[in-house]
């Protein structure tokens, strides 16, 4: 869905797409704040998801077009912090708002934020946004639309960043969700829930600077992935030894943030024209976003299966004392 939407956004104009996406997102959130039945909520969520994809396609493209070539990697690193910023704001403001005032207030605040961003966008664009004309050009044949979408992935210049982003999204949300829950100490876990998103922001923005002035984004992406692997092994060792858990988790998410920053910095590095850069961004969204959702669910499913298996071991061990002792030793060693 994302790649065809990106093609349509390019035809309609990125400014129009951004303004329209913000408006639709605000309206959908406002409607959901009324807490309608699920038969209405699901279509609203689908439409709101499309509006958010419009933002993801148009906003970074406009940022790249308005930035100087020598600053493009830094700008893309700045854009790449949106994941971490969203998690940090939700943990800082969203969770208390949800707990104290309920879901309706949370959705209403989201609608208000989208409205504020819409007003700021209109002020920034001024009279440059043209709402008349242009949309007739988007009504062309479905075959051409699909052809342009497939062409995004057949060209390495427009697909490389997406594949770098793919494996990042396979782990990023799952790591932010489950790493704090693997920590037994409640104070450390509460600290990591807030600190991990902030560390990923630092890693993402730092990657933009490194890609601009120190090393190429492609090399940086490879180094960042190696750092994620080292960080994962270190975190597992820290959990087993029950020492340095917080530091290992922070270093792991710092490396993960650097992967995200390098993925977006790859776009202006390999795609020379603005059209190729726009195709690369929508290709990254198309490859990465669905995998982000799927792999988080997979991590959750595996974690629940392990808990169920341990529960069965304990039940069977209660009937067999020798097996029960062995299982306890195994769990202690695993921890």
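Observations, loosely collected:
- Count of segment 212-263 residues which are touching a residue at least 60 places away in the same chain (Cβ under 8 Å) and more than 20 Å from residue 156 (Cα to Cα): 11
- Test: residue 27 is more than 30 Å from residue 267 (Cα to Cα) and in contact with a helix residue (DSSP H, G or I) (Cβ under 9 Å, 6 or more places away or on another chain): yes
- Of everything in segment 69-110 that is part of a loop (DSSP other than H, G, I, E, B) and touching a helix residue (DSSP H, G or I) at 6+ places or on another chain (Cβ under 9 Å), the residue that is nearest to residue 201 (Cα to Cα) is 81.
- Scoring residue 113 on the criteria (1) over 29 Å from residue 262 (Cβ atoms); (2) in a helix (DSSP H, G or I); (3) free of Cβ contacts under 8 Å to residues at least 12 places away in the same chain; (4) more than 18 Å from the chain's Cα centre (by Cα) leaves a single failure, condition (1).
- Selection within segment 12-32 - farther than 16 Å from residue 118 by Cα, in contact (Cβ under 8 Å) with a residue 60 or more places away in the chain and surrounded by fewer than 19 Cβ atoms within 10 Å (Cβ to Cβ): 12
- Within segment 54-69, residues that are buried (at least 24 other Cβ atoms within 10 Å of the Cβ) have Cβ atoms under 6 Å from residues that are at pLDDT 80 or above and part of a helix (DSSP H, G or I) in these pairs: 54/17; 54/21; 58/14; 58/17; 58/18; 60/79; 61/14, counting only partners at least 6 apart in sequence or on another chain.
The values are calculated or read from the model by the stated rules, or taken from the named source; none is laboratory data. All values derive from a computational prediction rather than experimental measurement. We place every Cβ from the backbone using ideal geometry, glycine too, and count neighbours over all the protein chains shown.
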